[in-house]
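Input: a single structure, listed below in structure tokens.
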Amino acid sequence: MNVTCRILAAIGAVLAVATQAGAQTNVVMRPGAAARAGEPVRISDVAALEGPDAGRLADVVVLDKAIGEPNGIAAVTASQVHAAAERAVPGLNWGRVTISGGTCYVRVGPGAERAPEPAKPAREHETPAPIDSSDGSVRAEITHRLASLYGVEPAGIRVGFSGLSTGDQAFLNRPLQAGVRYEVQPAASARSGRVPLRVDVYRGDRLAESRTLNADVLVKRSVVVASMTIERDAVVTADAVTGEERWLTPDAPAGLTAEQAVGATARRRVDAGRVVTAADVQTPVVVRKGETVWVHCLSGSMVVKVRAKALADGRDGQEVPMQVEGSKKTFTARMSGRGTAVMLLDDRSADADRREPDDRGPTTGRSSGRVPVRGAR
């Protein structure tokens, strides 16, 4: 078999596996959104996206300019989103894209924000005072156990309690007792900043006491902060961000490292002093529609490199539809820097083989919600 035939055979195998193993992308219409008058409205503004093609669809413009009716509301339907995506992303496999939901009503106004701002971290004077985790009290032990739940050292967590009665105060200050078992159970999501806790006290085989407490939790995180205002679509430079440690609620959006932020493009305006999160930036565009790139097709021990034309703009790390010259078939490959894309045929095959009938994706480690608190020894 000559080289040309081997290349065509490998590309054919890639296309076959890529078609069979593609994961589903879900676009769920939001019931409402907000936009500034005269600014474009994108799919990410009116819908929540999840899946391998989410990055390609997020910045697709649905309305060139947000213009409200007399009541200041513009309606965007699911069919409008479908039509906009079809125009902007040629070669998109609609067999693995689902658009659900009804009409999103966009509030248009000069002061409206296009996207909700993340919750602001607590100010320094609102941060609870540190608790000595070695003093042997119930309060200190609860703090120690919450630190384990959130995966931080005791010095990296602050826990305050609100709405305490005199009895609650005495309970928290009580020394741990030998032969007594304490158990702490979050009564709601442990990811929020305020966590209702149920504390059970066992003496032998009897439940001696139960209390419900409200804990306000902050954890120390290393974050990247905008040292100056970063305008939308601007490239983030090294002098535009700085590293800091801040006290944040556990549900605050995940921050980036400086290496991840520098060189990325701002999705939206980031004001000076704000924490830069993954939602604020996106990887830079490394290929434009119509440009030719080298596609590295990895199959077993063989690497096939072919030149293909990009059928859409693509950012670093995004999958982009490609087409080899002289072929009518299209396939997708992931951009890996400027001028290069990679397709891992072995990984796609393995993923397809491992997929369960009930394909709900990988599970993430979650706390059972029951945090045992040891008694004093």
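Take peptides 302-310, 161-169 and line them up by average Cβ neighbours within 10 Å, highest first, as a rough protection proxy. Can you show the working numbers first?
Details: 302-310: 16.0, 161-169: 11.2.
Going by the mean number of other Cβ atoms within 10 Å, highest first, we get 302-310, 161-169.
Starting from the coordinates of the alpha-carbon atoms of segment 24-109, obtain the Kirkwood hydrodynamic radius over all distinct pairs and give the value in Å to one decimal.
Values: mean 1/r = 0.0784 Å⁻¹.
Computed over segment 24-109, the radius equals 12.8 Å.
Going by C-beta contacts inside 10 Å, put Y182, Y105 in order with the fewest on the left.
Final ranking by Cβ density, sparse to dense: Y105, Y182.
Tell me which lysines have Cα within less than 28 Å of K309's Cα, excluding those fewer than 8 residues away on the same chain?
The qualifying lysines are K289, K328, K329.
Taken together, the values in this text are just the output of simple stated rules run on the coordinates, not laboratory data. Quick caveat, the model's predicted, so the values are computed rather than measured. Note: ideal-geometry Cβ built from the backbone for every residue, glycine included; neighbour counts use all protein chains shown.
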